[in-house]
Amino acid sequence: MSETKTTEGWEPKIVAIVCNWCTYAGADLAGISRIQYPPNVRIVRVPCTGRINPFYVVKALQEGADGVLVSGCHPGECHYITGNLHARRKFAMLKNFLSYIGLEEDRTIFTWVSASEGERFAQVIKGVTEKVRALGPANKLVKKIA
Amino acid sequence: MQNPYIPMPVEVIKIITEVDTKDIKTFRLAFLNKEDEERFKYTPGQFAELSIYGKGESPIGIASSPTQPGYIEFTVQKAGVVTSALHAMEEGAKMGVRGPLGNSWPIEYLEGKNIVIVGGGFAFTTLRSLLNYMIYEENRKRFGKITVVYGARSPGLLIYKDELEAWGKRDDVNLHVTVDKGDETWKGKEGFVPAVCEEVAPSSENAVTVICGPPVMIRFTLPVFFNLGFSKENIITSLEMRMKCGIGKCGRCNVGNKYVCKDGPVFSLAELDQLTKEY
Amino acid sequence: MEKRSIKKETLTGIIKKIAGEMRVFAPVKEEDGVFFRVLGEGVEPQINYANTKNAPKNIFFPRTEKMMKYTRTDKGMEFVENGEEAKDAVLFGARPCDARSFVLLDRLFDQEKYKDPYYVDKREKTVILTIACVHPPYSTCFCTSVGGSPTSEEGSDVMLTDVGDSYLVEFLTPKGEKLLKYFGDTQADADAEAKKKEIAEKAASEIASHVPAKEIKTFLDENFEHPFWDTIHQKCLACGTCTFLCPTCHCFDISDEVKGPDGVRIRNWDSCMFPMFTMETSGHNPRPSQKERWRQRTMHKFKYYVDMFNAISCVGCGRCVMYCPVNIDIRKIVTDISKL
Amino acid sequence: MENIEKKLREEAKLLLAEKRVDVIIGYEKGTLPFTATPCFITDPENAEKLVWNACCVQNLAKFVHDVISQHKESQKRVKPEDRKKKVVGVVGRGCATRSIVLHLQEKQYDRGDVVIIGVPCTGYIDGKKLAVQIGGEEVLEGSVEGDQVKVKTASGEKSITLKDVLADNCLTCRFNNPIISDIMIGENAPPMDPDHEYDEVGAFENLSTEERWAYFTKEMGKCIRCYACRQVCPSCYCKVCFVEQSQPRWVGIGADETDTQVFQLMRLFHMVGRCVDCGSCSAVCPMGVDLRKFLKKLDKDGFDLFGNRAGSSMDDPPPLSTYKENDKQDFIFDP
């Protein structure tokens, strides 16, 4: 960790794209239970991880997110039966591919959090924030204008 | 070097919702810089690029008349990115206008002649500009008899309702408003524009007809005017094309050896005959 | 007209010297091709090359260009400023066909009523140094068929001709003479000029492709509808390779981009080969298939441009012939039309 | 090869004459040396134009899709009882038939809409490799004689070993014989060298993150957004590509280099389980962007993770349209 890029006053911006039925409810539970977690995530709620176009992840990165988290129901618990299983394939490919073209592996993170896992949600956010913080501000694929 | 791509800043001073479906609105714009208003000297039939920063530009016919100083008006249907953004605007919003662009209705040619205006749907905008220009007190005597046939699909889709009423009361404008299908409150004509034109049967004697409307209306109206004896030189219409630059550079509105934005959009039928059928 | 003679080996040095003082665009070797690029320090300008892959039009008319900037305020987006103004520059190493393309583009971009300020500004501030083709670079070259020649001076401010052991440097315009000081004091002798004349004739005679480009206008005038158009497009991929590499294609699109509080209006190359080019918001497309698009491209180059600006909008560089992925050969199209 | 060409012409002529197909999509000689170009033959007499050689580059399945979908579109304006079927014949090498399999799996048309004249393939010449071999000179004349390529340039004649100029995807091709066909011309071609197909990807994976990023940005920096790669790709058949969608607009087209990176990245990603490694996109790119370096990675991962090779069998559906309960999920973050 000799060359970790940290900018003065910089806080990681993380976009969390989560499914409505499990992870979003999990986040709710974390809130209701007053479990503390870092304020670095912006949550985008979608019906199901199966609905997430991989472009969402790339677009978030291009618009300046330092990290993107995608989280849905655990396998077997999808509200739409198999949406997350389809998503799992997509994200396995996407994560490998983004890493292959030279993006830092920890910029994109995938996980499962169920509706009852408020604690796990907080742990995930903590973990993701730490990982992204260690990477420093995103500078690849980030759109600049003017 | 004057940069023809830079819009002039304007403020939306009034928004009028024209139709029941709320997807056609008239925007009244006032220039923020006085000198821009001077620069923007237009003739009925011309258009301008309405510019919403961050969304882009959209070419729209000017609906107001140069005889109405202090503002310009555009009647816009909500369709694409820019027009949707425009429809989301509120009075007081700032935007840009670039123009006036294109040629215009041939005012000089129309002078001293009887004029038949035929409009359908919301394509009536630049015809309204022309009509208001002609009936302006100082201009009225320059033109002969004025007949107007204007149609929309339903009463709720007629635009400029207040003006229609005012024009109807004038004895120097022969106005016929029709709808494809009326409703319980509608007391006017029912029927398609071509049929009404046939019924009204304006004389072709020293007359010019100016037509603007959906392609299908134009297609069925033209034979009516041929039968009435109008020559191709005396049937004038305005073309629509996808445009970007508005000044004959970007190439997309190129039809034959003309650029619709620069050499048009107004063409007589005689001129259109010379043009390749690619519009 | 000033004429100088320089030793061949001094040319690179001269160009580098100019590049030290102003922006120089020059052919530069990049991987498997030669491209016009801004000549950076330590980079060798190519002198003995056939022709560049990209046409130099991108210097005056870049693939993407800022037209204006705006910014978000409390009252919505507000205009901030125009795009950047051009600086004095030199375009070195254009081939006569490419130099000629600017004369054709001028007719569109530099009109009396509407000047395109972005193009005109850069064009006016750039001196064009052309290297005459002593031999036609490619067998696909057909400049002589469309009004040019391997030694055509049209569009050039300075022309360099390899006359054996030296370059004959001809300063053709006052703009070109601004560069006089870089080219020494050796006046060109009559010998060099005679040599050049010889070269011009020889080079023109070596052009292998002959295309009846001027003869097809009458056919095009009358045959907007013709079965010929029904098949030429079949294999076209509807990509923009031909139009993007063409030195005279100039169609563009204008679009807005925003990020955070900043926005720009930019223009980008567009292509009549793209289905979306003429697609209207309503869904109506006046040129609904590749057939109409190919007819447009052919007509625009060999008829409409002639009608409008009295010149064929093609300089015969052969790039579209060489790089079309499916080998749609404009030479063949023109020749086939001439036989109809 | 000549024998194959002769038989190909005979079969094509017969198919057209017997009206079993309405058009045959094949290759004909181009106007430049070493070019063969797609052609559309409707008249049996013109079947003579067909060629089959190492200059036939493009994946013709693209045109099969285009012709059939355009025909179907045009039939929408015809009364149901008057609608006609159009059968397309196509000269199908291994990769083209893989694309057709993919089209069939993706329900783009029916098996009965296409008649495949299968041809064995020994690879095509990569123009860029050839250019390197002859020092960037223009090819004035050229021919392929056995395993030698004879080239004439301004500086003289040269003979090059065919294998040295074959496209990379051909050299390591696993499916150089048709997957499916209705008529097979000639014997199956000998196998190429598929054992090494992922060598390049493996080497690239071993580079550092920054090296990979540098390469990606360098390659994408060449792109001029002419979309030739997309247009030539048989798997890119969306009616409106995401690049051209305006509401919402997914990706910009100019100002910033990341737009081009994102365009390429997402187009490439759309090829998961759908790229047949025909090499057409790389072959047509006027700027020489190394697209295959990235596409091959998707192919490799698709096989490693899901055991799928795009279009290699009618029974093996595209991997992203299906799933297995026990798919690997070691990438899932577990705090």
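The values are calculated or read from the model by the stated rules, or taken from the named source; none is laboratory data. None of these values were measured; they are calculated from a predicted model. Don't worry about glycine lacking a Cβ; one is built from the backbone with ideal geometry, like all the others, and counts go over all protein chains shown. Only protein heavy atoms, including side chains, enter the accessible area calculation; ligands, DNA and RNA are left aside. Shrake-Rupley method; radii C 1.70, N 1.55, O 1.52, S 1.80 Å.
Among D:MET314, D:VAL21, D:SER143, whose Cα projects farthest towards the positive end of the dipole of chain D, with charges put on the beta-carbon of Lys, Arg (+1) and Asp, Glu (-1)?
Farthest towards the positive pole: D:VAL21.
Evaluate the Debye formula for chain C with equal point scatterers sitting on the alpha carbons, no solvent, and hand back log10 of I(q)/I(0) at q = 0.11, 0.13, 0.14 Å⁻¹, in q order, two decimals.
Reported log10 I(q)/I(0), two decimals: -0.79, -1.05, -1.19.
So what are the three principal axis dimensions of the range C:139-290 from its Cα atoms, in whole Å, longest to shortest?
Here the spans come out as 66, 53, 24 Å, largest first.
Fully extended, how many nm does the chain gain between B:THR185 and B:LYS232 (0.36 nm per residue separation, minus their Cα-Cα distance)? All intermediate terms of the calculation are to be shown ahead of the outcome.
Numbers: separation 47, 0.36 × 47 = 16.92 nm, distance 3.87 nm.
Gain on stretching B:THR185 to B:LYS232: 13.0 nm.
Report, in whole Å, the centroid distance computed from the Cα atoms of the range A:1-73 and the range B:61-95.
40 Å
Once the Cα atoms of the range C:1-127 are picked out, what are the Rg and Dmax in Å?
Cα radius of gyration and Dmax of the range C:1-127 are 17.7, 63 Å respectively.
Place +1 on the Cβ of every Lys and Arg and -1 on the Cβ of every Asp and Glu in the range D:120-274, take the dipole about the Cα centre, and give the residue among D:ASN188, D:VAL232, D:CYS121 whose Cα lies farthest towards its positive end.
Result: D:VAL232, furthest along the dipole toward the positive end.
Kindly identify residues of the range C:43-64 having a loss of at least 50 Å² in accessible area between the isolated chain and the assembly of all protein chains, probe radius 1.4 Å.
C:ARG63
Taking only the alpha-carbon atoms of the range B:129-279, what semi-axes of the equivalent ellipsoid follow from 5 times the gyration tensor eigenvalues under a square root, in whole Å, largest first? Provide the component values of the computation, followed by the final result.
On the way: eigenvalues 159, 68, 59 Å².
Equivalent ellipsoid of the range B:129-279: 28, 18, 17 Å, largest first.
Using only the alpha carbons of the range D:268-310, determine the length spanned along each of the three principal axes and report them from longest to shortest in whole angstroms.
Result, largest extent first: 34, 13, 13 Å.
Checking the a/c ratio against 1.5 first, then a/b against b/c, what shape does the Cα gyration tensor give for the range D:198-321? Spell out each step's value before the answer.
Values: a/c = 1.75, a/b = 1.17, b/c = 1.50.
Because a/c hits 1.5 or more and a/b fails to exceed b/c, the range D:198-321 counts as oblate.
Taking all protein chains in place and a 1.4 Å probe, what share, in percent, of the accessible surface of the range B:22-171 do carbon and sulfur account for? Don't skip to the answer; put the middle values down first.
Details: 2710 of 5740 Å².
C and S fraction of accessible area: 47 percent.
Could you state the accessible area per residue of chain D in Å², with a 1.4 Å probe and every protein chain left in place? All intermediate terms of the calculation are to be shown ahead of the outcome.
Details: 14390 Å² over 335 residues.
I get 43 Å² per residue for chain D.
Report, in debye and to the nearest 20, how large the dipole of the range D:198-321 comes out about its Cα centre when Lys and Arg carry +1 and Asp and Glu carry -1 on their Cβ. Each step should come with its number before you reach the end.
Details: 15 positive and 17 negative charges, 90 e Å.
Taking the Cα centre of the range D:198-321 as origin, the dipole is about 440 debye.
Could you give me the ³J(HN,Hα) list for the range D:122-138, computed from phi with Karplus coefficients 6.51, -1.76, 1.60 and θ = phi - 60°, whole Hz, x at Gly and Pro?
10, x, 10, 7, 8, x, 6, 5, 4, 4, 5, 4, 10, x, x, 6, 7
Take D:GLN133 and A:GLU63, extend 7 Å from each Cα along the Cα→Cβ direction, and tell me the distance between the two endpoints in nm.
5.0 nm
Take every residue in peptide D:311-321, count the Cβ atoms of other chains within 10 Å of its Cβ, and give the average of those counts.
On the way: counts 0, 0, 0, 0, 0, 0, 0, 0, 4, 6, 2.
Across D:311-321, the average partner-chain Cβ count within 10 Å equals 1.
Take the Cβ-Cβ distance between B:ASP171 and A:ILE81 as r, set R0 to 60 Å, and report the resulting FRET efficiency rounded to the nearest 0.05.
0.25
Using a 1.4 Å probe on protein heavy atoms only, how many Å² of accessible area do A and D hide from each other, summed over both chains and rounded to 100?
Working: alone 8350 and 17850 Å², together 22080 Å².
Summed over both sides, the interface buries about 4100 Å².
In the range C:98-135, what residues drop by 20 Å² or more of accessible area when the other protein chains are put back, versus the chain on its own? Use 1.4 Å, and skip ligands and nucleic acids.
C:LEU108, C:GLN111, C:TYR114, C:LYS115, C:ASP116, C:PRO117, C:TYR118
Using the alpha carbon gyration tensor of the range B:8-101, what are the three equivalent-ellipsoid semi-axes (square root of 5 times each eigenvalue), largest first, in whole Å? Write out the running numbers ahead of the final one.
Working: eigenvalues 75, 40, 31 Å².
Ellipsoid half-lengths, sorted descending, are 19, 14, 13 Å.
Take the Cα radius of gyration of chain A and divide it by 2.2 N^0.38 Å, with N its residue count; two decimals is plenty. Could you put the intermediate results ahead of the total?
Numbers: Rg = 15.0 Å, N = 146, 2.2 N^0.38 = 14.6 Å.
For chain A, the normalised Cα radius of gyration comes out at 1.03.
Out of the trypsin sites (Lys or Arg not before Pro) in the range B:194-279, which ones are loop residues according to DSSP with at most 15 other C-beta atoms within 10 Å?
Working: sites: B:ARG219, B:LYS232, B:ARG242, B:LYS244, B:LYS249, B:ARG252, B:LYS258, B:LYS262, B:LYS277; in loops: B:ARG242, B:LYS244, B:LYS249, B:ARG252, B:LYS277.
Here the trypsin sites (Lys or Arg not before Pro) that fit, given the DSSP loop and packing criteria, are B:LYS277.
Lone cysteines in chain D, going by a 4.7 Å Cβ-Cβ cut-off?
D:CYS39, D:CYS55, D:CYS56, D:CYS121, D:CYS170, D:CYS173, D:CYS223, D:CYS226, D:CYS238, D:CYS241, D:CYS275, D:CYS285
List the GluC sites (Glu not before Pro) within the range D:211-258 that fall in a DSSP loop (any state other than H, G, I, E or B) and whose Cβ has at most 16 other Cβ atoms within 10 Å. Write down the numbers at each step before the final one.
Values: sites: D:GLU211, D:GLU219, D:GLU244, D:GLU257; in loops: none.
Listed in order of number, the matching sites amount to none.
Can you compute the equivalent ellipsoid semi-axes for the range C:228-340, i.e. the square root of 5 times each eigenvalue of the Cα gyration tensor, sorted largest first and rounded to whole Å? Mind dumping the intermediate values first?
Working: eigenvalues 156, 55, 41 Å².
Its equivalent ellipsoid spans semi-axes of 28, 17, 14 Å.
Towards the positive end of the charge dipole of the protein assembly as shown, with charges on Cβ (+1 Lys, Arg; -1 Asp, Glu), say which of D:TYR109, D:ALA61, B:CYS261 has the farthest Cα.
Projecting each Cα onto the dipole axis, the largest value belongs to D:TYR109.
To the nearest 0.05, what FRET efficiency results for D:THR209 and C:ASP32 with a Förster distance of 25 Å applied to their C-beta separation? Spell out each step's value before the answer.
Numbers: r = 27 Å, r/R0 = 1.08.
FRET efficiency, D:THR209 to C:ASP32: 0.40.
Cα centroids of the range D:149-197 and the range D:32-52: how far apart, whole angstrom?
Using only Cα atoms, the two centres lie 20 Å from each other.
Between A:GLU105 and B:LYS34, what's the calculated FRET efficiency when r is the beta-carbon distance and R0 is 60 Å? Round to 0.05.
On the way: r = 59 Å, r/R0 = 0.99.
About 0.50, to the nearest 0.05.
Leaving out ligands, DNA and RNA, calculate the buried accessible area for the pair B and C with a 1.4 Å probe, summed over both sides, in Å² to the nearest 100.
On the way: alone 13360 and 16470 Å², together 26300 Å².
Roughly 3500 Å² of accessible surface disappears when B and C pair.
Can you give the mean number of other chain Cβ atoms that lie within 10 Å of the Cβ atoms in peptide A:109-116?
Numbers: counts 4, 4, 6, 4, 1, 0, 0, 0.
Rounded to a whole number, the mean comes out at 2.
Quick check: from the Cα gyration tensor, does the protein assembly as shown come out rounded (a/c under 1.5), prolate or oblate? Numbers along the way, then the final one.
Numbers: a/c = 1.41, a/b = 1.14, b/c = 1.23.
The shape class here is rounded.
Could you work out, residue by residue across D:207-219, how many beta carbons of other chains sit within 10 Å of that residue's beta carbon, and then give the average as an integer?
Numbers: counts 2, 1, 8, 3, 1, 5, 7, 1, 2, 6, 4, 1, 1.
The mean count of partner-chain Cβ atoms within 10 Å per residue comes to 3.
For chain B, what does the helix formula give at 222 nm: sum of -39500 (n - 2.57) over DSSP H segments with n ≥ 4, over the residue count, nearest 500 deg cm²/dmol?
Numbers: 9 runs with 67 residues, N = 279.
Calculated from helices alone, the mean residue ellipticity at 222 nm is -6000 deg cm²/dmol.
May I ask you to list the residues of the range D:33-57 whose amide nitrogen lies under 19 Å from a point 7 Å from Cα along the Cα→beta-carbon direction of D:ASP164?
Taking a point 7 Å out along Cα→Cβ of D:ASP164, the residues of the range D:33-57 whose backbone N falls under 19 Å are D:34, D:54-55.
Work out the count of Lys pairs in the range B:121-279 where the Cα-Cα distance is under 18 Å, with the pair 8 or more places apart or on different chains.
For the range B:121-279, the number of qualifying lysine pairs is 15.
What longest region of chain B stays clear of GluC sites (Glu not before Pro) that DSSP places outside H, G, I, E and B and that have at most 12 other Cβ atoms within 10 Å? Walk me through the numbers before you get to the answer.
Numbers: sites that count: B:GLU90, B:GLU91, B:GLU137, B:GLU138, B:GLU184, B:GLU205.
Answer - B:1-89.
Between rounded, prolate and oblate, where does the range B:132-177 land on the alpha carbon gyration tensor, with a ≥ b ≥ c its root eigenvalues, rounded for a/c under 1.5, else prolate if a/b exceeds b/c? It would help to have the intermediate numbers written out before the result.
On the way: a/c = 2.59, a/b = 2.13, b/c = 1.22.
Because a/c hits 1.5 or more and a/b exceeds b/c, the range B:132-177 counts as prolate.
Label point 7 Å out from A:GLU11 along Cα-to-Cβ: which residues of the range A:42-59 have amide N under 18 Å?
A:42-44
Keeping the other protein chains in place, figure out the carbon and sulfur percent of the accessible area of chain C, with a 1.4 Å probe. Mind dumping the intermediate values first?
Working: 6490 of 13120 Å².
The nonpolar share, carbon plus sulfur, comes to 49 percent.
Can you give the Rg to Rh ratio for chain D, taking only C-alpha atoms and Rh from Kirkwood? List each step's numbers first, then the result.
Details: Rg = 20.9 Å, Rh = 21.4 Å.
Over the Cα atoms of chain D, Rg/Rh equals 0.97.
For the range B:8-101, what is the accessible area per residue in Å² when the probe is 1.4 Å?
Details: 3510 Å² over 94 residues.
Averaged over the residues of the range B:8-101, the accessible area is 37 Å².
Distances over 30 Å make up what percent of all Cα-Cα pairs in chain B?
On the way: 10591 of 38781 pairs.
Above the 30 Å cut-off, chain B has 27 percent of its Cα pairs.
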